[in-house]
Amino acid sequence: MDNSVNIFPYDIKQKFQMILRVFLEPLIVPLLKLLVVVCLGMSIMMFLEKIYMGFVLVFVNLFGRKASKTYKFGAIKDDIELANSSYPMVLVQIPMYNEREVYQLSIGAACGLSWPSDRIIIQVLDDSTDPSIKRMVEMECKRWESKGINIKYEIRDNRKGYKAGALKEGMKHSYVKQCDYVAIFDADFQPEPLFLSQTVPFLLRNSQLALVQARWKFVNADECLMTRMQEMSLDYHFTVEQEAGSSTYAFFGFNGTAGVWRISALNEAGGWKDRTTVEDMDLAVRASLKGWKFLYLSDVKVKNELPSTFKAYRYQQHRWSCGPANLFKKMAMEIVRSKKVSMWKKLYVIYSFFFVRKIVAHIVTFVLYCVVLPATVLVPEVQVPKWGSVYIPSIITLLNAVGTPRSLHLMVFWVLFENVMSHHRTKATLIGLLEAGRVNEWVVTEKLGDAHKTKSGSGSAASARFKFGKMQRVHWLEVGVGAYLLVCGCYDFARGKNGYFIYLFLQSIAFFVAGFGYVGTFVPNS
């Protein structure tokens, strides 16, 4: 006796089964089986990559083999006879674009760096198109200049190349020629006073180093559930990926900010290029191919802000997913032909850094868990083995918790949210690989500073921790995927044998929440 619940009318079910019989054997089943095999292969690749990085992290921490301990470091000592000449000249670049809410914070933090005033130049590269904001930024620079700070306010008459163009133009000024190193901070980054003292000596004492990268510290991680999810992903990136790259092949992707470059290495690599939306990663790869090494310092942290509106986060993730895929397409053969790096380093950059982390990770997350797995509910002839649908994803999820132990209780939310964003990232990755319409789209990530607190009338982060924002706009692709998952979940509940319906219902809700924009922080216009 069949006690299963039948929520589908008999006629509809009969027609649906007839359609399936017509298309199942010749088309759908073979295609779905192929997708299962491909997705399982990509899952294994991603799993092994996570395990490899986990072993590196354990080894580094267990035996005290952090990369920072393998390089010379000596504090720069004051010399009465030489005055401040023992300190190298440092250029600090702050690129900004209409940064009304955060320009004072970033300029103030840069001007507060503990370094001899005659050995540092602060360069504010203002690409703002709002005249009122340009005036405010210029006045802020003049205010610090009146206090004896060597600060330069630089503008240009176009935004060609966006951030890369601004940084490239900034390096052309005559006063830059006297500088040995350049520190770069995005407009929402606030370095501590001792930042240069903790980073520059590594470059000074180790001639093979081109870059010293600091870790990011998120000032608004507790603002809402979306920022907590971002913190979990980025903490894993810094705690595991950056540390593993620095400790093994002395290579990782420059994060575009909170880092110090040796200017000679930057120039030897060809300087800033605007051929993709990840100019920082582009420069890092080119410098690495010239034989330069990088160092990541996990103990040096620079405060910054996570995007707290869903609109800003989507734009950021499009750039971060599309850019690396496009760069991989442009540089794969250049990496292969490089003669200054070992075969193993080439393999690491091409396979681990680019292919697995920047392409496979996005595609397999969406295709397997949001397309193929639900489809097997409707097509019982095709099954995904338990190790591929449950065990590997569970281990990967637990490994991700290494970066943010305090958020272990939010892992379910993180999985659902990452699956939703994987749809957006997959689309961006394919745009990058195919060089389609939005491949070079650059939208500056909106920073709110204290605006959300001021406008909401409350400065309490705790009260906003699990806050959902007011609907901004409908994202129909997310809504469509949510509807597909809901149908699959209902069918599995009524007729299926997989028992996926709980996951499918939860994942469909997550897609609907994102699709209708009820995620992140809502900031009123007035």
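The values are calculated or read from the model by the stated rules, or taken from the named source; none is laboratory data. If you're wondering where the values come from, they're calculated on a predicted model, not measured in any experiment. Ideal geometry is used to build each Cβ from the backbone, glycine not excepted, and the neighbour counts take in all protein chains shown. Ligands, DNA and RNA are stripped out before the accessible areas are found, and what is left, the full protein with its side chains, is counted by its heavy atoms. Shrake-Rupley method; radii C 1.70, N 1.55, O 1.52, S 1.80 Å.
When Tyr518 is tested against the conditions (1) modelled with pLDDT of 80 or more; (2) farther than 18 Å from Gln230 by Cβ; (3) under 23 Å from the mean Cα position of the chain (by Cα); (4) open to solvent by 30 Å² or more (accessible area, probe 1.4 Å), the lone failure is (2). Against the numbered list (1) in a helix (DSSP H, G or I); (2) in contact (Cβ under 8 Å) with a residue 12 or more places away in the chain, Ala75 comes up short only at (1). Selection of the stretch 148-187 for residues being more than 21 Å from Ala284 (Cα to Cα) and of a type in the set (Asp, Glu) yields Glu154, Asp157. Among residues of the stretch 289-314 that are among the β-branched types (Val, Ile, Thr), those with a Cβ under 6 angstrom from a residue that is surrounded by 22 or more Cβ atoms within 10 Å (Cβ to Cβ) and at pLDDT 95 or above, sequence gap 6+ or separate chain, pair up as Val300/Ala214; Val302/Phe189; Val302/Pro191; Val302/Ala214; Val302/Ala258.
On the basis of being within 16 Å of Ala214 (Cα to Cα) and touching a strand residue (DSSP E or B) at 6+ places or on another chain (Cβ under 8 Å), does Glu241 make the cut? Here the answer is no, as Glu241 does not meet what is asked. Listed conditions (1) hydroxyl-bearing (Ser, Thr, Tyr); (2) buried (at least 21 other Cβ atoms within 10 Å of the Cβ); (3) under 21 Å from Lys142 (Cβ atoms) are all met by Tyr97, apart from (2).
Checking each residue in the stretch 330-359 for being over 11 Å from Thr429 (Cα atoms), touching a residue at least 12 places away in the same chain (Cβ under 8 Å) and among the basic types (Lys, Arg) picks out Lys330, Lys340, Lys345, Arg357.
Among the residues of the stretch 427-470 satisfying the criterion of being open to solvent by less than 60 Å² (accessible area, probe 1.4 Å), among the polar types (S, T, N, Q) and modelled with pLDDT of 50 or more, which is nearest to Met229 (Cα to Cα)? In this case the residue turns out to be Thr445. Any idea which residue in the stretch 116-172 is least open to solvent (accessible area, probe 1.4 Å), counting only those that are out of contact with any Gly (no Cβ under 9 Å at 6 or more places or on another chain) and polar (S, T, N, Q)? So the residue we want is Ser128. Scanning the stretch 279-289 for residues that are open to solvent by less than 10 Å² (accessible area, probe 1.4 Å) and of a type in the set (A, V, I, L, M, F, W, C) returns Leu283, Ala284, Val285, Ala287.
Across the stretch 313-349, the number of residues qualifying as hydrophobic (A, V, I, L, M, F, W, C) and not in a helix (DSSP H, G or I) comes to 1. One residue stands out in the stretch 276-297 among those that are part of a strand (DSSP E or B) and out of contact with any helix residue (DSSP H, G or I) (no Cβ under 6 Å at 6 or more places or on another chain): the one that is nearest to Phe238 (Cα to Cα), namely Phe294. When the stretch 244-260 is filtered for residues that are of a type outside the set (Phe, Trp, Tyr) and either open to solvent by 10 Å² or more (accessible area, probe 1.4 Å) or not in a helix (DSSP H, G or I) (or both), the ones remaining, listed by number, are Ser247, Thr248, Ala250, Gly253, Asn255, Gly256, Thr257, Ala258, Gly259, Val260. For the stretch 315-351, residues that are of a type in the set (Lys, Arg) and over 16 Å from Val439 (Cβ atoms) total 5. Considering the stretch 61-72, and only residues there that are free of Cβ contacts under 8 Å to residues at least 40 places away in the same chain and assigned to a loop (DSSP other than H, G, I, E, B), the residue that is least open to solvent (accessible area, probe 1.4 Å) turns out to be Gly64. For the stretch 261-274, the count of residues that are assigned to a helix (DSSP H, G or I), farther than 22 Å from Val92 by Cα and open to solvent by less than 10 Å² (accessible area, probe 1.4 Å) is zero.
Are there any helices (runs of 4 or more DSSP H) wholly within the stretch 94-194 with 2 or more residues that are among the β-branched types (Val, Ile, Thr), and if so which?
In the stretch 94-194, 131-145 are the helices (runs of 4 or more DSSP H) which contain 2 or more residues that are among the β-branched types (Val, Ile, Thr).
Here Val58 meets each of (1) under 30 Å from Leu204 (Cβ atoms); (2) surrounded by fewer than 12 Cβ atoms within 10 Å (Cβ to Cβ) with one exception, condition (1).
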